[in-house]
1. Enumerate the pairs (first residue in segment 217-240 and at positive phi and buried (at least 22 other Cβ atoms within 10 Å of the Cβ); second residue anywhere and charged (D, E, K, R) and assigned to a helix (DSSP H, G or I)) with beta-carbon separation below 7 Å, excluding pairs fewer than 6 apart on the same chain, so at least 6 apart or on different chains.
2. Please specify each residue of segment 179-197 satisfying the condition of being free of Cβ contacts under 8 Å to residues at least 60 places away in the same chain, over 12 Å from LEU150 (Cβ atoms) and assigned to a strand (DSSP E or B).
3. I'd like to verify a number: residues in segment 132-164 that are of a type in the set (A, V, I, L, M), in a loop (DSSP other than H, G, I, E, B), under 28 Å from the mean Cα position of the chain (by Cα) and over 16 Å from ILE301 (Cα atoms), how many?
4. Which of the following residues is more than 22 Å from PRO59 (Cα to Cα) and within 24 Å of the chain's Cα centre (by Cα): THR187, THR226, THR202?
5. Looking at segment 253-299, which of the residues that are of a type in the set (A, V, I, L, M) and over 18 Å from ALA102 (Cα atoms) is nearest to the chain's Cα centre (by Cα)?
6. May I ask you to verify whether ARG63 is out of contact with any helix residue (DSSP H, G or I) (no Cβ under 9 Å at 6 or more places or on another chain) and basic (Lys, Arg)?
7. Given the options VAL95, VAL121, name the one that is modelled with pLDDT of 95 or more, farther than 20 Å from VAL291 by Cα and out of contact with any Lys or Arg (no Cβ under 9 Å at 6 or more places or on another chain).
8. Might you let me know whether segment 195-203 holds any residue that is buried (at least 16 other Cβ atoms within 10 Å of the Cβ) and touching a Lys or Arg at 6+ places or on another chain (Cβ under 7 Å)?
Amino acid sequence: MYTDLERRPSFALAGTLIAVFLASGCWSSDSNAGSSESAAEDLGSVLTLTGAGATFPFPIYSRWFSIYSSTHPVRVNYQSVGSGGGIRQMIARTVDFGATDAPLTPEDLAQMPGTLSIPTVIGAVVLTYNLPEVTGTLRLDGPTIAAIFLGEVTSWRDPRIVALNPGVSLPERAILPIHRSDGSGTTYVFTDYLSAVSPDWTTRVGRGNAVQFPSGLGARGNEGVTGQVEQSPGGIGYVEQVYARQNNLPAAAVRNAIGEFVEPTIDAMTRAAEGLTERIPDNNDFRLSIVNAPSQGSYPIASWTYLLVSPQFAECRTAEALIDLIRWSLLEGEADATALGYTPIAMEIRVRELESLRVVTCGPDHRPVLDSGQLFNPPNR
């Protein structure tokens, strides 16, 4: 998908590079704090970057972009309009960057050739529900979840749910499935999982950013689904787990590929990503699915989410600011991601992501935004 492969470092070299920047501290935001004012004076004004896309990572992007702006002469206007909206705005060239949870399709790439998909964090899509009568954690498996959203399981006392939750007093209450009404990477991850575990789902609905749900109520964004579940006794919806957590809503334990019922913890998402490094091809195409991973203790509805970066920018100042923002987020945002319930991506993968950004060019002469000497040092702005 990308070129410049001869310059990709080996894993041994990647480890050396990691040690170099950790030891040197060249990525500390403190090093930029004192120069923020003079940098703003040199630039003449604060630069605004515009982005749009996934609601899945909106909580961490909001935090990262705010922290970054506090020490850099850059402001970020990110609109969480859903992955489909982010992809459309990238194709229309109305934003500086996009964001999606769903991997770009060949059709997407045909409309924006060479666009880079840069993973930022790993998150979980959870089944959150409104059952005041149930005080413990509800247990579900893939076929039962599929049957609920297909409209086949319509009561919380259905034998399939009862069998998965021995000893739990389930109410005689109708189930209200709540799904996304907009183009959504969260929907892609959810339907990717259901397609992996339910032949009926694959045949009748399939996977995608926007699918035709046979039953239930639609709501816009992770925020909309979360709000609808909150106000609908008997409701169940799929959302990024941060939204359930922030609204004090429960999340079901889901049976994974080896039969364990697993809750969406950071450790369970880390286990879902085991072996990802070996699966990434030499061309650094990071568009991989990690749903229904076979590893012990893994949560089965996990995914990483991507920032979308054009390979060529008209304005070099915009390109340099965006690349610096991405590098700062990948290298200094780990603690903030963990605090919000996201799982950081393995460092060796982050090194490969940073290296892949060297294909980005800017200006009428298509000059590289980064050269080999700038890979782990901020560009001069």
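1. Close Cβ pairs satisfying both conditions: none exist.
2. Matches in segment 179-197: none.
3. Within segment 132-164, the subset of a type in the set (A, V, I, L, M) is 134, 138, 140, 145-148, 150, 153, 161-164.
Next, from what is left, pick out any that are in a loop (DSSP other than H, G, I, E, B): 134, 138, 150, 153.
So of that shortlist, the ones also under 28 Å from the mean Cα position of the chain (by Cα) come out as 138, 150.
Subsequent filtering for residues that are over 16 Å from ILE301 (Cα atoms) retains 150.
So the answer is 1.
4. Numbers: THR187 fails: more than 22 Å from PRO59 (Cα to Cα); THR226 fails: more than 22 Å from PRO59 (Cα to Cα).
Only one candidate passes the filter, namely THR202.
5. Narrowing segment 253-299 to residues of a type in the set (A, V, I, L, M): 253-254, 257-258, 262, 266, 268-269, 272-273, 276, 280, 288, 290-291, 293.
Filter once more, keeping what is over 18 Å from ALA102 (Cα atoms): 253-254, 257-258, 262, 266, 268.
Details: ALA253: 20, VAL254: 20, ALA257: 22, ILE258: 24, VAL262: 20, ILE266: 14, ALA268: 16 Å.
In this case the residue turns out to be ILE266.
6. On the way: out of contact with any helix residue (DSSP H, G or I) (no Cβ under 9 Å at 6 or more places or on another chain): no; basic (Lys, Arg): yes.
Spelling it out, it is not the case that ARG63 is out of contact with any helix residue (DSSP H, G or I) (no Cβ under 9 Å at 6 or more places or on another chain) and basic (Lys, Arg).
7. On the way: VAL121 fails: farther than 20 Å from VAL291 by Cα.
Going through VAL95, VAL121 in turn, the sole match is VAL95.
8. If we filter segment 195-203 for residues that are buried (at least 16 other Cβ atoms within 10 Å of the Cβ), which is where we start, we get 195-198, 201.
Remaining after also requiring touching a Lys or Arg at 6+ places or on another chain (Cβ under 7 Å): 195.
Yes, because at least one residue in segment 195-203 is buried (at least 16 other Cβ atoms within 10 Å of the Cβ) and touching a Lys or Arg at 6+ places or on another chain (Cβ under 7 Å).
The values are calculated or read from the model by the stated rules, or taken from the named source; none is laboratory data. Predicted model, so just to flag it, every value in this text is computed and none were measured. Backbone-built Cβ (ideal geometry, glycine too); neighbour counts: all protein chains shown.
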